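*Asks:* For reference, the structure I am asking about is given below.
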Amino acid sequence: MSKEPNKRLFIGALPFKYTEGQLVTLFAPFGRITALRIIHNQWGKSRGMGYVEYDDLQSAINAQHELHNFAVESDRTIIVDFAKPDPYLTPEGA
């Protein structure tokens, strides 16, 4: 883990066809999700990464521990790391 644990997780190496619904299904068993999104380019194509935020820290820690390097397809594992806080939710971003 390269960052301080927090409630927001960065998800990397997602298959480009992965949907937000699939991401919810994968991460929901660990706790209540308050925010989730897959990042898209200006043409609406997935960039293969996203964010999941939980309502409590322990849920995020458990999800990061269980899903980092998790195989979402036979030849693809995802990266799950603690993210920086959402810039829109910081005093500077408000």
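*Asks:* How many residues does the range 54-69 contain that are touching a residue at least 12 places away in the same chain (Cβ under 8 Å) and open to solvent by 30 Å² or more (accessible area, probe 1.4 Å)?
*Replies:* Taking the range 54-69 as the starting set, the residues that turn out to be touching a residue at least 12 places away in the same chain (Cβ under 8 Å) are 54-64, 66-68.
After this cut, where a residue has to be open to solvent by 30 Å² or more (accessible area, probe 1.4 Å) as well, the list is 55-58, 61-62, 66, 68.
Within the range 54-69, residues that are touching a residue at least 12 places away in the same chain (Cβ under 8 Å) and open to solvent by 30 Å² or more (accessible area, probe 1.4 Å) number 8.
*Asks:* Among the residues of the range 41-56, what is the count of those that are touching a Lys or Arg at 6+ places or on another chain (Cβ under 8 Å) and either under 12 Å from LEU14 (Cα atoms) or assigned to a loop (DSSP other than H, G, I, E, B) (or both)?
*Replies:* Count: 6.
*Asks:* Could you check GLY21 against (1) more than 12 Å from the chain's Cα centre (by Cα); (2) surrounded by 15 or more Cβ atoms within 10 Å (Cβ to Cβ) and say which number it fails?
*Replies:* Status for GLY21: all satisfied but (2).
*Asks:* Consider only pairs whose beta carbons are under 9 Å apart and that are at least six residues apart or on different chains; among these, list those whose first residue lies in the range 24-53 and is on the phi > 0 side of the Ramachandran plot and whose second residue is among the hydroxyl-bearing types (Ser, Thr, Tyr) and assigned to a helix (DSSP H, G or I).
*Replies:* Within 9 Å, the pairs are GLY31/SER59.
*Asks:* Can you pull out the residues in the range 24-40 that are surrounded by 13 or more Cβ atoms within 10 Å (Cβ to Cβ) and in a helix (DSSP H, G or I)?
*Replies:* Scanning the range 24-40 gives LEU26, PHE27, ALA28, PHE30.
The values are calculated or read from the model by the stated rules, or taken from the named source; none is laboratory data. Computed from a predicted model, the values in this text were never measured in an experiment. Note: ideal-geometry Cβ built from the backbone for every residue, glycine included; neighbour counts use all protein chains shown. Surface accessibility is based on the protein's heavy atoms, side chains included, excluding ligands, DNA and RNA. Shrake-Rupley method; radii C 1.70, N 1.55, O 1.52, S 1.80 Å.
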